[in-house]
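Undergrad: First, the structure itself, so that you have it in front of you.
The values are calculated or read from the model by the stated rules, or taken from the named source; none is laboratory data. Small disclaimer: the values here were computed from a predicted structure and weren't measured. In this analysis, Cβ positions are derived from the backbone assuming ideal geometry, glycine residues included, and neighbour counts consider all displayed protein chains.
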Amino acid sequence: MPINSILIRELNLCSWQSASDAMHQYTNQRNNKSYDEVWLAEHYPIFTQGRSETKKNILENINIKVIQSDRGGKITYHGPGQQIMYVLIDLKRRKMSVHKLVHILEETAIKTLNYFKIESCSRLDAPGVYVQGKKICSLGLRISKGCSLHGLALNVTVDLSPFLSINPCGHVNMKMTKIQHYYPNIDIDKVKSLLISEFINLMNYKDAKWKS
């Protein structure tokens, strides 16, 4: 049954726009027999702005494209070496609140970081995951037809310098970090497999299938 199963797709390195378009297409055409899916991706360098964003969080002229997104939250940066996990979940079918999904995504990242002996936590005032006060994982969701789009972005080996041009997620003086700072020989494929494993366990899916 779809309610107990999930499909996992690897998009690899791709444009943010192509992934966003595909997410919306899938959500618009899905029905109560459609499977929940998780998409794994890295993106070419891009800044994305959430629905509530204002230009005040761009601190200087930047030579990387800024694009509008329909997710929650404010501006953030995506680039190679940042593991994206998009979660296309029928929350209505699973009788799950958005708040619960946010909590599970944060726990997914925290448990993944625990594997590398990196202590992290969430914050009530700012969704995401933090290490010693620095943000390592960002979250942003949209709900359409009772289903979630977008997801989390975990900094693994990504170049963090573009974050200096913005107030990340709208927070002044927010410092960013990445797994590589604490675990220099990190393998992003290992991070990917851990994220999927932890998410499946926390969501209590009984069956998971990888799709190309």
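Undergrad: If I go through the stretch 15-51 residue by residue, how many of them are touching a residue at least 24 places away in the same chain (Cβ under 8 Å) and either under 30 Å from Asn4 (Cα atoms) or exposed (fewer than 12 other Cβ atoms within 10 Å of the Cβ) (or both)?
TA: So the answer is 22.
Undergrad: Of all the residues that make up the stretch 1-35, how many are over 16 Å from the mean Cα position of the chain (by Cα) and not in a helix (DSSP H, G or I)?
TA: 10
Undergrad: Just checking, which of Ile136, Ile143, Ile104 is assigned to a strand (DSSP E or B), of a type outside the set (S, T, N, Q) and under 13 Å from the mean Cα position of the chain (by Cα)?
TA: Ile136
Undergrad: Another one. Of everything in the stretch 44-66, what is closer than 14 Å to Phe163 by Cβ, assigned to a loop (DSSP other than H, G, I, E, B) and modelled with pLDDT of 70 or more? Give them in sequence order.
TA: Selection gives Pro45, Glu60, Ile62, Ile64.
Undergrad: Could you please tell me which pairs satisfy a Cβ distance under 6 Å, a separation of 6+ or placement on different chains, a first residue in the stretch 91-111 that is under 15 Å from Gly146 (Cβ atoms), and a second residue that is hydrophobic (A, V, I, L, M, F, W, C) and in a helix (DSSP H, G or I)?
TA: Qualifying pairs under 6 Å: Arg93/Ile3.
Undergrad: Here are Gly140, Gly133: which of them is touching a residue at least 40 places away in the same chain (Cβ under 8 Å) and more than 20 Å from Glu37 (Cβ to Cβ)?
TA: Within the list Gly140, Gly133, the selection yields Gly133.
Undergrad: Tell me which residues, restricted to the stretch 172-181, are touching a helix residue (DSSP H, G or I) at 6+ places or on another chain (Cβ under 9 Å) and either touching a residue at least 60 places away in the same chain (Cβ under 8 Å) or surrounded by 16 or more Cβ atoms within 10 Å (Cβ to Cβ) (or both).
TA: Result: Met174, Met176, Ile179.
Undergrad: Hey, another quick one. Just to be sure, is Met203 within 20 Å of Gly151 (Cβ to Cβ), in contact with a Leu (Cβ under 6 Å, 6 or more places away or on another chain), buried (at least 17 other Cβ atoms within 10 Å of the Cβ) and not basic (Lys, Arg)?
TA: So Met203 does not fit the description; no.
Undergrad: Restricting the search to the stretch 150-166, which residues are part of a loop (DSSP other than H, G, I, E, B) and surrounded by 17 or more Cβ atoms within 10 Å (Cβ to Cβ)?
TA: Matches in the stretch 150-166: Val156, Thr157, Val158, Leu160.
Undergrad: With (1) touching a strand residue (DSSP E or B) at 6+ places or on another chain (Cβ under 6 Å); (2) modelled with pLDDT under 90 as the list, and Pro2 as the residue in question, which single condition is left unmet?
TA: Here Pro2 meets the rest and fails (1).
Undergrad: Of all residues in the stretch 133-149, count the ones that are surrounded by fewer than 23 Cβ atoms within 10 Å (Cβ to Cβ) and under 16 Å from Val191 (Cβ atoms).
TA: So the count comes out to 0.
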